[in-house]
Amino acid sequence: MVRFPTLVAAAFAVCITGAAYAAPAPNEVAAELGQTLTLGSAKQMVADQLKASGQSTMRPGRAEFDAEGNVKVEIVTLQGLPVSHVLVHANDGKITDAASTKKRG
């Protein structure tokens, strides 16, 4: 008889393995940037943009890859409340408002 904790551990291992295979590989950023776009580098780019624009009450929150390899970064308040989302493009590193880049159709 298989015990419940063993089943939970096995299910967790299967989920983690499946997530690792399903995660998109980071795309290469344009040659002029000379680096690979990662979740951390995208969040740093957004943090730099927020700092440069004087928005000291905002910070980058969650980040995730989309289907095209771009990174969607959530902008949150210092308390962690979500305010908006931006998209860091993998091909050129540009940061745009995520709502304005949605495909309509």
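The values are calculated or read from the model by the stated rules, or taken from the named source; none is laboratory data. This one's a predicted model, so the numbers in the text were calculated from it and none came from an experiment. Cβ coordinates were reconstructed from backbone atoms using ideal geometry, including for glycine residues, and neighbour counts include every protein chain displayed.
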Complete set of residues in the stretch 33-65 that are surrounded by 12 or more Cβ atoms within 10 Å (Cβ to Cβ) and of a type in the set (Val, Ile, Thr): THR36, THR38, VAL46
Flag if ALA52 is of a type in the set (A, V, I, L, M) and at pLDDT 80 or above: yes
Condition met for GLY93 (at pLDDT below 95, on the phi > 0 side of the Ramachandran plot, of a type outside the set (S, T, N, Q) and surrounded by fewer than 10 Cβ atoms within 10 Å (Cβ to Cβ)): no
Some residue of the stretch 66-84 being surrounded by 14 or more Cβ atoms within 10 Å (Cβ to Cβ), modelled with pLDDT under 95 and in contact with a Lys or Arg (Cβ under 9 Å, 6 or more places away or on another chain): no
